[in-house]
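Right, one structure below, let's go through it.
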Amino acid sequence: MENTLSLKQFLVNEQREGQAIDAHLIDLLDDVASACKEIHDAINHGALYGVLGSAESENIQGETQKKLDIMSNEMFIRCTESSGNLAGMASEEEEDVYSIPAQYPKGPYMMYFDPLDGSSNIDVNITVGSIFSIVKCPDGVTDPKLKDYLIPGTKQVCAGFTLYGPSTLMILTTGNGVKGFTLDPGTGVFKLTHNDIQIPQDTAEFAVNMSNQRFWEEPVQRYVQECIEGTSGSRDKNFNMRWVASMVGEVYRILTRGGIFMYPFDTKDPAKAGKLRLMYEANPMSFIVEQAGGVSSTGRERIMELNPTEIHQRVPVILGSKNEVDRVVSYHK
């Protein structure tokens with residue numbers, strides 16, 4: 001492992017080889033890595049730092065915030081706002097987009113992030129993570145407004161997530177495949193450990209919240225029923241179900257051994273088209289999954305081609321192994 005590339009060394013090499021990476025993006029990802037290391041440290045110390053439990057407040061989504069939700073959001077902002085790489089950012093925990101303070105230089109990128117995905121798992125010590133997405137700021141714009149952020153996921157230049165599990169691991173794509181970088185606790189450096197991650201096209205695992213089954217549309221009902229019937233049904237093979245209630249954990253499992261993850265449209269809350277946020281969760285995860293050879297859809301359309309109408313927009317999500325996602329999409333058609 002002594003010769004393993006660090007995250008920054010890897011990005012510099014990619015830049016030299018003519019990939020669409022510039023010095024600002026390298027520095028920005030270094031800042032993001034710093035934020036993730038701080039979050040890793042807070043999570044690892046847990047009750048010793050007094051960071052567990054509810055903050056007794058709600059975010060803009062109407063969800064109860066954990067203390068670590070608020071701390072992680074502050075860490076992301078503090079680590080990235082002052083380096084001159086960002087023109088602005090948007091957080092799942094903030095009502096409005098965040099403008100870079102006037103005393104700091106502005107940069108050519110905008111970032112969307114979910115500082116702590118799956119935070120309901122914190123107090124029971126189950127895997128959580130951070131998700132981020134980076135796009136170019138529109139030409140001539142130095143202080144982007146809300147309308148500047150409402151662009152489809154196809155405009156992403158980089159997406160990633162950091163998984164705080166038995167080891168802390170950053171998954172990253174800059175549009176040239178998917179890599180994994182493991183945090184070395186001895187040196188505090190993210191090092192390249194997973195090269196050219198590819199999702200198997202076929203799978204025998206599905207991940208879905210079965211408690212919502214009665215609210216699903218018929219295409220998803222049909223697909224899940226086929227999985228449950230196993231060898232006695234039309235699929236003629238047995239499936240296993242997995243569910244950890246954190247998107248980062250679900251997607252990482254799919255990246256390593258295949259599978260399909262679904263948080264589909266349901267009628268549980270007619271005011272919400274889906275559970276997951278387009279800009280902070282669905283778009284970055286879709287970029288990663290597609291770069292790894294998988295597929296990501298609402299069931300009716302490619303997620304990254306959606307034109308957002310609001311910064312906290314929710315969408316249905318069906319992603320993972322190509323042949324299984326294609327099957328669910330065909331049922332919708």
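The values are calculated or read from the model by the stated rules, or taken from the named source; none is laboratory data. Keep in mind it's a predicted model, so treat the numbers as computed, not measured. Every residue, glycine among them, receives a Cβ derived from its backbone with ideal geometry; neighbour counts consider all protein chains shown.
Structure summary
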| quantity | calculated |
| --- | --- |
| Pairs where the first residue, in segment 212-240, is closer than 30 Å to K272 by Cα and the second is among the small types (G, A, S), C-beta under 7 Å, 6+ apart | P219/G299; E226/G233; E226/S234; F239/A204; F239/G230; N240/A204 |
| Single residue of segment 206-232 satisfying the filter (assigned to a helix (DSSP H, G or I) and among the aromatic types (F, W, Y)) that is surrounded by the fewest Cβ atoms within 10 Å (Cβ to Cβ) | F215 |
| V295 vs. criteria closer than 22 Å to E217 by Cβ and in contact with a helix residue (DSSP H, G or I) (Cβ under 6 Å, 6 or more places away or on another chain) | yes |
| Residues located in segment 138-153, provided they are under 17 Å from S99 (Cβ atoms) and in contact (Cβ under 8 Å) with a residue 24 or more places away in the chain | V141, T142, D143, P144, K145, L146, D148, Y149, L150 |
| Any hit, segment 216-236, residues being in contact with a His (Cβ under 7 Å, 6 or more places away or on another chain), within 20 Å of K333 (Cβ to Cβ) and not hydrophobic (A, V, I, L, M, F, W, C) | yes |
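Per-residue answers, yes or no, for (1) of a type in the set (D, E, K, R); (2) over 21 Å from V315 (Cα atoms); (3) at pLDDT 80 or above:
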site: Q19; (1), (2), (3): no, yes, yes
site: L29; (1), (2), (3): no, yes, yes
site: I43; (1), (2), (3): no, yes, yes
site: A47; (1), (2), (3): no, yes, no
site: V51; (1), (2), (3): no, yes, no
site: F76; (1), (2), (3): no, yes, yes
site: A87; (1), (2), (3): no, yes, yes
site: I100; (1), (2), (3): no, yes, yes
site: S120; (1), (2), (3): no, no, no
